Every structure is written in structure tokens, then in C-alpha cells.
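Before any comments, here is the structure.
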Amino acid sequence: MSWKDVAARMLESSGARVEEDQRGLRVTISDASLLVLLRRLQMSLDRKIEVIGIFEVEADCRPLGDALRRMLSWSFEVELKGLVRKSFVWKPWRELRMLEPVVGSLDYDPSLASNLKGHASLIESLHAASPNLIEVFPELLPTSFMETFLVASGAPMSAYITTLIKEHVQEPGRLAWCYRAQFLYGSPKMPQKIVKNCQLAALFKRVLSEATTKLLQCSASSPARVGSST
């Protein structure tokens, strides 16, 4: 029995809808649509499970390009640290600096991360799921390209992709968050861990939407600051 069979059975027993995809599992849990993949770690024989979601944000703000730049400044990651006494470290998204030649330089703004850290049920779910890494950043490509780009993470950006990102950041058709979480394959109780990480992703979708809508309303008249990220 493959990992997909075991995980699908556990997910379905938790109330999720599951379809097999050639790359992994398509999971619908609550109102979140997710892709669960098995990947090999770069430069290693070890493997990891990834949970990927793209969550549209309903926000009445114009122009969308300014809102997207603000979302870029909020991009963050959460990393699990420690072998015995484990803790989660929240910090700016590591890929943002690599995008600076394309999107321009932005100061990191911890407003979104601070809002989420104050959400008790989210933090409880985070500790229960214990992913090794979570990345949260805005959709940077037209929707039809974004999932393919996420699935192919680690590949160098071509000149074509760079041009698409630059055009999209200037005039996005919509606003959405990309969510990517990972943990090592073969960890104890792995099927249950996949379920908990899918539940965590669904909770992130709801909390991200609420927080983003509120923050964009509060900051509608205040453009993102241009400078060097920290």
C-alpha cells in the first residue's frame, strides 16, 4: 500500500474529500483546496511531505498592485527549531530578497505575522501539526501558472517567469496567498501528521483571509515602504 493510499484513507475518515493526482493527493478540507506531495530533499536521499495551498483574498482595495506589494512586505515563514525543546521561529520569508531584482526592495512588515501569532487556535494547531517549515507569500504569477511554479520549487527562474512575475506584481488580476508547509517523510504516525497539517492549512486559510482583509483596510492610504528588507 502506497503512502497515498494510507494518507487518503486517514484524510477521508477525518471528513476531507480526496482525489489522487499524478503528483500526489488533491485534498479538500473545510473550504481549503490543497495539494499534498512527496518530494526528495535537495542533495539528500531523505524525502519530505509538502502541503500546498493557494488562498484567494477578498479585499475591496485598489489598485491591486499596491495591495500586492504590501502583502509581499508581510510575507513570512515559520521554522521549527530544536531537537528536544522544540519551538517555532517566525521570520521574514527567505525568498523575498532573491525577488528584489524583480519586484523591488521592500521593508519586512511583521503586522500579519504578529496578528497570526495572537490567534490561540492557530498556534495550538501549529504545535499539534509540527511542520518543519511553513512559507506564506502572495501569488506572484497568473493563477494558471502559480501552482505549477510551486510544484517545481527549487528550479531556477527563467527570463520568461521573471517577466511574468514583474507584470503580475504591477497589475495582478486578484490577490491570493500561497501556503507551503513541509515535514520529513517517515516521521512517527505520518498519516495522522498529514491530516493535522491539512487541518492546519485550512485554518491558516481562514485566519489569513480575515487578517489580510482587516490589514489592507487599515493601510489602504499607506503604501508599502521601499527599502532594504531585514
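The values are calculated or read from the model by the stated rules, or taken from the named source; none is laboratory data. If you're wondering where the values come from, they're calculated on a predicted model, not measured in any experiment. Cβ atoms come from the backbone with ideal geometry, glycine included; neighbour counts cover every protein chain shown.
Just name the residue that is surrounded by the most Cβ atoms within 10 Å (Cβ to Cβ) out of those in region 188-212 that are among the charged types (D, E, K, R) and touching a residue at least 60 places away in the same chain (Cβ under 8 Å). Give the derivation first.
First, pick out the residues of region 188-212 that are among the charged types (D, E, K, R): 189, 193, 196, 205-206, 210.
Next, from what is left, pick out any that are touching a residue at least 60 places away in the same chain (Cβ under 8 Å): 193, 196, 205-206.
Numbers: LYS193: 21, LYS196: 20, LYS205: 23, ARG206: 16.
Checking each candidate, the answer is LYS205.
Of all residues in region 102-111, which are assigned to a loop (DSSP other than H, G, I, E, B), surrounded by 18 or more Cβ atoms within 10 Å (Cβ to Cβ) and at pLDDT below 95? Even if it seems obvious, please write down each step before you answer.
Of the residues in region 102-111, the ones assigned to a loop (DSSP other than H, G, I, E, B) are 104-105, 107-110.
Within this subset, residues satisfying the condition of being surrounded by 18 or more Cβ atoms within 10 Å (Cβ to Cβ) are 108-109.
Across region 102-111, the qualifying residue is only TYR108.
Please work out which one of (1) aliphatic (A, V, I, L, M); (2) part of a helix (DSSP H, G or I); (3) more than 19 Å from LEU208 (Cβ to Cβ); (4) modelled with pLDDT of 95 or more is the condition LEU99 fails and give its number.
Going through the list (1) aliphatic (A, V, I, L, M); (2) part of a helix (DSSP H, G or I); (3) more than 19 Å from LEU208 (Cβ to Cβ); (4) modelled with pLDDT of 95 or more, LEU99 breaks only (4).
Taking the condition touching a Ser or Thr at 6+ places or on another chain (Cβ under 8 Å), modelled with pLDDT of 90 or more, of a type in the set (D, E, K, R) and more than 16 Å from LEU80 (Cα to Cα), does LYS166 pass?
On the way: touching a Ser or Thr at 6+ places or on another chain (Cβ under 8 Å): no; modelled with pLDDT of 90 or more: yes; of a type in the set (D, E, K, R): yes; more than 16 Å from LEU80 (Cα to Cα): yes.
Taking the combined requirement at face value, the residue does not satisfy it.
So in region 68-100, with the set limited to residues that are β-branched (Val, Ile, Thr) and within 16 Å of GLU135 (Cα to Cα), which one is farthest from the chain's Cα centre (by Cα)? Walk me through how you get there before you give the answer.
So in region 68-100, the residues β-branched (Val, Ile, Thr) come out as 78, 84, 89.
Now restrict to residues that are within 16 Å of GLU135 (Cα to Cα): 78, 89.
Details: VAL78: 10, VAL89: 16 Å.
Checking each candidate, the answer is VAL89.
Inspect region 173-187 for any residue being in a helix (DSSP H, G or I), within 25 Å of ASP66 (Cβ to Cβ) and in contact (Cβ under 8 Å) with a residue 60 or more places away in the chain and give the result as yes or no. Talk me through it step by step, then tell me what you get.
Step one: filter region 173-187 for residues in a helix (DSSP H, G or I), giving none.
No, region 173-187 has no match at all.
Anything in region 176-203 that is modelled with pLDDT under 95 and either among the charged types (D, E, K, R) or within 18 Å of THR148 (Cα to Cα) (or both)? List them, or say none.
Across region 176-203, the qualifying residue is only LYS189.
Restricting the search to region 48-89, which residues are on the phi < 0 side of the Ramachandran plot, exposed (fewer than 15 other Cβ atoms within 10 Å of the Cβ) and not in a helix (DSSP H, G or I)?
To start, the set of residues in region 48-89 that are on the phi < 0 side of the Ramachandran plot comprises 48-81, 83-89.
Of the ones still in play, those that are also exposed (fewer than 15 other Cβ atoms within 10 Å of the Cβ) are 56, 58, 60, 62-63, 65, 81, 83-87, 89.
GLU56, GLU58, ASP60, ARG62, PRO63, LYS81, LEU83, VAL84, ARG85, LYS86, SER87, VAL89 - these are the residues of region 48-89 that are on the phi < 0 side of the Ramachandran plot, exposed (fewer than 15 other Cβ atoms within 10 Å of the Cβ) and not in a helix (DSSP H, G or I).
Does ARG85 satisfy the condition of being among the charged types (D, E, K, R) and out of contact with any strand residue (DSSP E or B) (no Cβ under 9 Å at 6 or more places or on another chain)?
Numbers: among the charged types (D, E, K, R): yes; out of contact with any strand residue (DSSP E or B) (no Cβ under 9 Å at 6 or more places or on another chain): yes.
Against the criterion (among the charged types (D, E, K, R) and out of contact with any strand residue (DSSP E or B) (no Cβ under 9 Å at 6 or more places or on another chain)), ARG85 qualifies.
Answer with yes or no whether LEU215 is part of a loop (DSSP other than H, G, I, E, B) and either over 30 Å from LEU83 (Cα atoms) or at pLDDT below 90 (or both). Outline the logic, then answer.
Values: part of a loop (DSSP other than H, G, I, E, B): no; either over 30 Å from LEU83 (Cα atoms) or at pLDDT below 90 (or both): yes.
Judged against the criteria, LEU215 is not a match.
Name the residue that is nearest to LEU184 (Cα to Cα), counting only residues in region 1-43 that are among the small types (Gly, Ala, Ser) and assigned to a loop (DSSP other than H, G, I, E, B).
Initial filter on region 1-43 (among the small types (Gly, Ala, Ser)): 2, 7-8, 13-16, 24, 30, 32-33.
From what is left, the residues that are assigned to a loop (DSSP other than H, G, I, E, B) are 2, 14-16, 30.
Values: SER2: 16, SER14: 22, GLY15: 24, ALA16: 22, SER30: 25 Å.
Top of the filtered list is SER2.
Which members of region 112-162 meet the condition of being crowded, with 18+ Cβ neighbours inside 10 Å and of a type in the set (Gly, Ala, Ser)?
Answer for region 112-162, where residues must be crowded, with 18+ Cβ neighbours inside 10 Å and of a type in the set (Gly, Ala, Ser): ALA113, SER125, ALA129.
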